[in-house]
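Values quoted throughout were computed directly from the atomic coordinates according to the rules given, and no laboratory measurement underlies them. Please read all numbers here as calculations on a predicted model, not as lab measurements. A quick note on method: Cβ atoms are made from the backbone with ideal geometry, for glycine too, and the neighbour counts reach across all protein chains shown.
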Amino acid sequence: MKANCWMGKKRVEVRNVPDPQLLNPRDAIVRVTSTAICGSDLHLYNGFLPTMVKGDILGHEFMGEVVDVGQGVTNLKVGDRVVVPFPIACGTCHYCKRGLWSLCDNTNPNAHIAEKVLGYAPAGLFGYSHMMGGYAGGQAEYVRVPFADVGPMKVPAGMSDEQALFLSDILPTGYMAAEQCGIQPGDVVAVWGCGPVGQFAIVCAYLLGAERVIAIDRFPYRLRMARDKAGAEVLNYEEVDVLDALREMTGGRGPDHCIDAVGMEAHGGTLEYAYDRAKQAVMMESDRPIALRQALLACGKGGTVSVAGAYGGLVDKIPFGAVVNKSLTIKSGQTHVQRYMKPLLERIERGEIDPTFVITHRMRLDDAPLGFGIFNDKQDECVKIVLKA
Amino acid sequence: MNAPIDDVLERTREDEWGRQAAGRSGWAPVREPVYVWEEPGRRQEWQEQLARGSNPDRIAGGLAVFSMGLGLLQLAAPRQVAEWAGLPEERNMVNLLRAAGVREIASGLAIFAGATPGVWARILGDGMDLALLADALRDPRADRGRVATAAAVVAGTTLLDLFTADLLNKRNAMGPDAAMTPTRRVLGERGTYGSGFGGGFGNQSGGTHEGMGNTLFAEDKGIEIERSITVGLPPEQVYAYWHNFENLPRFMLHLEAVEVLDGTRSRWTAKAPLGMSVAWDAVITEDIPNQLIAWQSVEGADVENAGIVRFQPAPGDRGTEVHVQMRYSPPAGRLGSLVARLLGEEPHQQVRDDLRRFKMLLETGEIARSEGSLDNKERSAQPPRKNVDVPDYPATPADTTPADTTPVAEAPGQP
């Protein structure tokens, strides 16, 4: 089959690889009908996350049709149309039982690697480095889905692929980011990052009762999408002083909550960016937390900073004094997708959310390398690319 | 029969950690609060103590700076130093002085790492310098007057070093809190705090473990491992699964097979590095249902080993904590284990991974496998080729106490 493989820094290639086989009784094989490129894939693409091996198949947002099931799977049959969550979860461990699906104890065969870096190993993920399990990803024609009786969710016939696809990752991610803020009526929420996750965070913040959402980015086309499609008030951090603007826009109070939907490859004003890039170059810092620093400083007193952006390692110069003295709460985590799939599916069915608004490009799997290129460089007003079979 | 186990393994690492937390003097009751105005002598005592604590470090710091400065001088301008000290300016002397310079710098740095050993390093250096100078007095090319002066200076420094060492000794004896400086924490301070932890509890000078070495492993203390994991099932089920030793190879990847011979005896075969195989017979020495199983290998084993696995309820609804303590003596002793380590075997990690697989098996009925880690070898995360043997998934044994693998949490999308 064809699959999009990581071949090195800034290099992905679509190659011919063997079809997946069932390896465990609770596996299923899914023929992928739609998949996407995620912003966190770019961290792998740009070589920021360790433990990648040449040839690894990427991709963790995918859906399709079940073509084979292991003996342990009784709730799915061949032909079912499913969307698959990106964390792989067993459903029976302590964390799964508490709804913390991305912390599953039992799905990372390379837990010993993750433990060394993180202290304890979270769940395995599709297509996201060997530290996260070394699973083959979904930017391919077929994928093996472990614990298929737990993760995959059936998609109703009336719903298109594009409506359902983002339940695999980014819509639940935006939702969890907003939910973790603990939004009260009247609250003002600031969102850093107008990529797909940021767009969904804006939408979900409104759904959860925010009175105003202010979105921050530097690409006018993304800010336009945030304003016109997601309904946010927008700020371009290259044009204005964000901390100042946020303060004055909120009558001197600052936003009640802040969402970091940017993550470890943040870009910033010259000096700060140069500092972080320099430190990365000599391996003294692995992640660039520019948006996070701003969010921590900008957040109003007593608020929550919800970190949806992906970070892998070490960050530098975090204004922790601001956290302590403003009594801030920091919430984060890889999305517990399984928790949100059904409720969000229902919202989509009721017309409360139309996730398709973030899609700007549709391509075939063969074009994936080009897709990575324009997505990474923000070319051609690219926000979200969907790869179709 | 139980003696080896009692001696070898009864004290767990957790006991050790607790003991070390108590400090050198052991557990003493928490002291009653002090009313400072009722005890005027205390303030005086504190002032003296604070001075005693910091003074030696300050002096040692000064000596360190002096050492490094002198060393730098000796290294950079040995001829000049020779001239000042009245020593013959020939090549041997120049090299000697340079070497002395390096030594001075090193002992200066050593003081920053640990005041006491650093100062003693200085004293040794002073001794060497005095010997050098004494020797020079007999040399006709030397300027005797200057040599004598230099010797007097060195002697004076030596006295200062000795005085400082004495102060440091007194300060160290006051207990771990006496020093105000952070430099105290490293190198050589183990002697003050009591037996170190790093050597593994088999090697402690604590005294009560003297008998350990003699019982099971005559000379070699072997490798000790203590690891634990929490499994979300009641102790009865976890104990039952483990007790059927023929299940163990399913998650202990180094085991090839276990054959239960009778009530207490079993035969074990395991893989060794370089494709070899080792075997031994083991007996259960203690068996408390749902609580613990202790075993020991029999005379003539390829790999002597003994251990205890305990099953205790985990807090709340978390299930069972499984604690494994074991000790084994690899073939070819320490050398063998070193070689094995170089070949990528790491027993502590292996036991941890074995326990993780045990948990997976019991909680989910299968062991997680990924394309990128099949056979525990790293390969790219792509599906394996068909017709190339995919390693056999270890089949769930018939008598597995069934983990209820119906997902307890609500699986999305279920009708």
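Under 11 Å from the Cβ of B:Trp120, count the other residues' Cβ atoms, weight Lys and Arg +1, Asp and Glu -1, and hand me the total. Mind showing how you got there, number by number?
Numbers: positive: B:Arg122; negative: B:Asp126, B:Asp161.
Charge balance near B:Trp120 sits at -1.
Quick one: divide the alpha-carbon radius of gyration of region A:323-389 by 2.2 N^0.38 Å and tell me what you get. Numbers along the way, then the final one.
Values: Rg = 17.4 Å, N = 67, 2.2 N^0.38 = 10.9 Å.
The value comes to 1.60.
Quick one: among A:Glu233, A:Glu141, A:Glu346, which has the greatest mean-square fluctuation in a GNM of chain A with alpha-carbon springs under 10 angstrom?
A:Glu346
Suppose every K and R has +1 on its Cβ and every D and E has -1 on its Cβ; what is the size of the dipole of chain A about the Cα centre, in Debye to the nearest 20?
Working: 40 positive and 44 negative charges, 96 e Å.
That gives a dipole near 460 debye.
Work through the residues other than A:Asp27 whose Cβ is under 12 Å from its Cβ and net out their charges, Lys, Arg +1 and Asp, Glu -1.
Taking every Cβ under 12 Å from that of A:Asp27, the sum is -1.
Could you give the length gained by full extension between B:Glu256 and B:Asn244, i.e. 0.36 nm per residue of separation minus their alpha carbon distance, to one decimal place? Present the calculation step by step, with values, prior to reporting the outcome.
On the way: separation 12, 0.36 × 12 = 4.32 nm, distance 1.51 nm.
Additional length available on full extension: 2.8 nm.
Can you list the lysines whose alpha carbon is less than 28 Å from that of A:Lys77, not counting same-chain residues fewer than 8 positions off?
The reachable lysines, counting only those whose Cα sits under 28 Å from A:Lys77, are A:Lys2, A:Lys97, A:Lys154, A:Lys342, A:Lys388, B:Lys386.
If you take the charge dipole of the protein assembly as shown about its Cα centre, with +1 on Lys and Arg Cβ and -1 on Asp and Glu Cβ, which of A:Ala148, A:Val69, B:Phe163 is farthest toward its positive end?
Going by the Cα projections, it comes out as B:Phe163.
Please report, in whole Å³, the volume per residue of the convex hull around the C-alpha atoms of region B:6-134. Working shown, then result.
Working: hull volume 26.3 nm³, N = 129.
About 204 Å³ per residue, rounded to a whole number.
Rg/Rh for the protein assembly as shown to two decimals, with Rh computed the Kirkwood way over all alpha-carbon pairs. Write down the numbers at each step before the final one.
Details: Rg = 33.4 Å, Rh = 31.4 Å.
Rg/Rh: 1.06.
Spelling out what I want: for every residue of region A:105-113, take phi, set θ = phi - 60°, compute 6.51 cos²θ - 1.76 cosθ + 1.60 (Karplus), and round to whole Hz; glycine and proline get x.
So the Karplus estimates, Gly and Pro as x, are 6, 10, 10, 10, x, 9, 4, 5, 6 Hz.
Would you work out which of A:Gly300, A:Leu103, B:Leu132 lies farthest towards the positive end of the dipole of the protein assembly as shown? Charges go on Cβ: Lys and Arg +1, Asp and Glu -1.
B:Leu132
Taking 2.2 N^0.38 Å as the expected size of a compact globular protein, what ratio does the Cα radius of gyration of region A:57-104 give against it, to two decimals? Intermediate results must be reported in sequence, preceding the final value.
Details: Rg = 12.6 Å, N = 48, 2.2 N^0.38 = 9.6 Å.
For region A:57-104, the normalised Cα radius of gyration comes out at 1.32.
How far is the Cα center of region B:250-279 from the Cα center of region A:265-341, in Å?
50
Compute the distance in nm between two label points, each set 7 Å from the Cα along the Cα-to-Cβ direction, one at A:Lys301 and one at B:Arg318.
3.8
From the P(r) of region A:97-146, could you give the percentage of C-alpha pairs in the tail past 11 Å? Write down the numbers at each step before the final one.
On the way: 810 of 1225 pairs.
Percentage above 11 Å: 66.
Counting only helical runs of four or more DSSP H residues, what would the 222 nm mean residue ellipticity of chain A come to if each run contributes -39,500 (n - 2.57) and the total is spread over all its residues?
On the way: 13 runs with 111 residues, N = 389.
Here the helix-only value at 222 nm equals -8000 deg cm²/dmol.
With 10 angstrom as the radius, rank A:Val383, A:Val337 by how many other C-beta atoms surround their C-beta, starting from the fewest.
A:Val383, A:Val337
Please report, for the Cα atoms of chain A, the Rg to one decimal and the Dmax as a whole number; what are they, in angstrom?
Taking only Cα atoms of chain A, I get Rg and Dmax of 20.0, 61 Å.
Given contacts defined as C-alpha pairs under 8 Å and at least six residues apart, what's the relative contact order of chain A, whole-number percent?
17
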